Amino acid sequence: VTDPSLAATSTRLPYNFVKEIQVKEGGYEAEFGKALGGIVNVVTHSGGNELQAGVFAYLTNGTLAADGRPGLLDLTLRDFATYDVGLSASGPVLRDRLWFFAAYNPSFETRDLEIPGFGFHEDRLVSHRFAGKLTWQPSENTSVMFTAFGDPTRHHLVGLGGFGSQNPAQLLNPDPLLWFSRRGSVSLSAQSRTVLGSRAVIEGSIARTEQTEENRGDTERAMSEPLFQDSRTNTWSGGVWAQRSSDITRASARIAATMFLKSHTVKTGVEYEENVWNEMTATNGPGIIQQTSDAAFSVNRITSDIEVRNRVPTVYVQDSWQATRRLTLNGGIRWDGQYLIGVGDSVAQSVTDQFQPRLGITFQPGELGSQKVFASYGRFYEQLPLFLSSLEHGGAEQCFFFYATDPRTADPAEGNLITCVNEAGVARSPKVEGLDGQHFDEFTLGYERALGSSLKVALRGVYRTLRAVIGVGITPTLETAAGNTGRGALDFLPEPERNYAALELTAGRFGDNRLNFQVSYTLSRTHGNYTGLFASDVRSTLPNWNAGLQLAEQGTNSTGLLPNDRTHVLKAVGSYRVTDRFTAGTFFTWQTGTPLSEYGASITNPFFPVFLIERGSAGRTPAIWDLNLRLAYDLNRPPVLSRGRIVLDLLHLGNPRTVVVTDQFRFLGRDMDDGSHIFPNPSFGGALAHQPPMTVRLGIEMGFGR
């Protein structure tokens, strides 16, 4: 259900539909793929032979929270309220054959935000999350599940609406910050599982997710007038920057067979997925207007009506061989293809050399089941989000004009066309032969030991090294090219580097009736010149469009500690049953701050940074800690109330509100004659964001039935 266009959002499930969450963040088998960071799977509730129902409600608001500390990216918050309620029901349709589960979870969020000079405006979001499941067992050895869920949402937004990374210093009218958004998704799936005696299991599924989104101004002026920016004073006026709508679908089918052959467990599977993104964008009026002097105005006009898709076939095979009672060997290989289709409905780009070997070994020394040594190697490829393909193959157009007078009153013919990044309806990039998919190699080595019946400790080392990146660059002749960064048409850029090395120590106690906990400590280093799928150092939310590595001049000083490097991270989670009815739980984190850099502006594009000193060498943000506490009191009153509890959550106890993001741009411009850095940034070193303040959340959950 992850958004295949930007890989940034996914469907929000009803709280009472989630049974458990599984996270795989490395060392996984060949059946798992299409991601670099990790894989998250949610297991949902199913119905049974007994009729059951449940309700819950959670509340927090401004009176239950301390004052926040706004950063440069934040509008002043006066008050807020969040209400999260829901109900569920489950039971038999046909006893021992067909069961149902249904959940509904509406949520309501409001925030009173101040637009400087224009008072407070209400930011209001309403989401209706729903889910349903039918589980059918036509025979003893076969089960079938039908699932549907969605999260239609309406949002009256007060803020930037995804345009720019910093609020204006001054507004002449509030409308550039007033947005309306309607979004949400609906997902349908069918899954089956058949057991063939004691030797094989056959699994299959088909699924489809559709996500829709509309973004426009929330007032008549916001919808009709162009956004006007006076860059001399960072003053905005007019309306929002554009009107946008998109429709995204992801359809998939898979079949897999698991065979149990004496000491071997073999699994093989075939998958097919098609992702489609339709998007329309149009800037208001002539386009986004910027004034740089009394007689210099530029207009940025964006027009897109695109459809791009990515067809992804997959095949894999893996084997787990129990060589001896102590030794297990795991091996497998996975292949994913990617076929990107844009203008003309033909394959604009293919990525086919994506073979991914996976190897693992586990050895149990000493008493069986008491300890194990394990190691693994794997190659992991990422499925490309469709954003880059929409730029290169979708036929979007972006044109820049220059005017000597205000474009809002000038004759359109007075504008001088500077350049068009592309022509509407025409793909701007030719097919890149031999394009290598974005991937890394991972090596792990670890040791795990059980101490007694419930305590377990483990030590694991991890090393990940980036092998190839797909991105875009601006050539020395100011042309745009796409491909593997540092190779071919992008060989004027440095080879991307990203190396992660970590030592993880964990200890946990589970299964005890009173005390359960897990503690982990990670010592790590992230080093290189490539921040990742998103250029987090410049707060970009556009995948494969790395603003920190697009120009040749950005290579200088670009290798160093990366923005998410945290040398030390300590986490602790636990719960203690004080009495038969009262339980206390906690979650605590402490971590060192992130490296800081000093940026100036490039000569080619003032919005692209260059490194004034070695990346990550300008110090660090402060270390941060966060403490959360949950107190729960059971209300069990059988036979009517089968389960129930009152919950008190104390979030961000101690209210540290420490700085987490700072403005690292020292200069905002370059002198075109001598290349010197000009326009010192007055907010350099200022806090863009802080930790959230202490908040109290109240909740109640009740279940009815046996």
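The table below gives the values:
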read-out	value
Sequence-distant residues sharing a close amide H with Thr559 (under 5 Å, placed H)	Arg615
For the chain, calculated [θ]222 nm from helices alone, where every DSSP H run of n ≥ 4 adds -39500 (n - 2.57)	-500 deg cm²/dmol
Dipole moment magnitude, nearest 20 debye, the chain about Cα centre, only Lys, Arg, Asp, Glu C-beta charged	3440 debye
Using a Förster distance of 35 Å, the FRET efficiency for Lys262-Phe355 (Cβ separation, nearest 0.05)	0.80
Karplus (6.51, -1.76, 1.60) ³J(HN,Hα), θ = phi - 60°, over the range 404-417, in Hz, Gly and Pro reported as x	8, 10, 4, x, 5, 10, 7, 5, x, 5, 6, x, 9, 5
Calculated diffusion of the range 87-198, Stokes-Einstein form, Kirkwood radius summed over Cα pairs, 25 °C and 0.890 mPa s, µm²/s	137 µm²/s
Computed accessible area, Tyr83, all protein chains, 1.4 angstrom probe, square angstrom	100 Å²
Stretchable slack from Ser540 to Val315, in nm (0.36 nm times residue separation minus alpha-carbon distance)	77.7 nm
Per-residue HN-Hα couplings for the range 573-589 [Karplus 6.51, -1.76, 1.60; θ = phi - 60°; Hz; x = Gly/Pro]	9, x, 9, 9, 7, 5, 9, 4, 10, 10, 10, 10, x, 8, 9, 10, 9
Equivalent-ellipsoid semi-axes of the range 353-397, from the Cα gyration tensor, Å, largest first	46, 11, 5
Hydrodynamic radius (Kirkwood) for the range 439-490, which is based on Cα pairs only, to one decimal in Å	14.8 Å
Phe440 accessible area, 1.4 Å probe, all protein chains in place, Å² to nearest 10	20 Å²
Accessible area of the chain belonging to carbon and sulfur atoms, whole % at 1.4 Å probe	58 percent
Average accessible area per residue (Å²) across the chain - probe 1.4 Å, nucleic acids and ligands excluded	47 Å²
Asp247 accessible area, assembled protein chains, probe 1.4 Å, Å²	40 Å²
Length released on extending from Glu114 to Ala251, taking residue separation times 0.36 nm less the Cα-Cα span	45.1 nm
Separation in nanometres of the label points that stand 7 Å from Cα toward Cβ, at Trp136 and Asp673	7.9 nm
Gain upon complete extension [Val42, Thr658; 0.36 nm per residue less C-alpha separation]	218.5 nm
Sites Ala169 and Glu497 - FRET efficiency at Förster radius 35 Å, r taken between beta-carbons, to 0.05	0.40
Label point distance in nm, Tyr576-Glu214, each placed 7 Å from Cα along Cα→Cβ	5.4 nm
Accessible-area ranking of Ile206, Ile341, Ile474, largest first, probe 1.4 Å	Ile206, Ile474, Ile341
Protein-only accessible surface order, largest first, of Thr142, Thr541 at 1.4 Å	Thr541, Thr142
Violating pairs (Cα-Cα greater than 21 angstrom) within the set Lys34/Lys262; Lys372/Lys571; Lys19/Lys133; Lys19/Lys571; Lys24/Lys456; Lys19/Lys267	Lys34/Lys262; Lys372/Lys571; Lys19/Lys571; Lys19/Lys267
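The values are calculated or read from the model by the stated rules, or taken from the named source; none is laboratory data. Quick caveat, the model's predicted, so the values are computed rather than measured. Glycine gets a Cβ as well: all are built from the backbone with ideal geometry, and neighbour counts include every protein chain shown. Please note that ligands, DNA and RNA were not included when accessible areas were found on the heavy atoms of the full protein model with its side chains. Shrake-Rupley method; radii C 1.70, N 1.55, O 1.52, S 1.80 Å.
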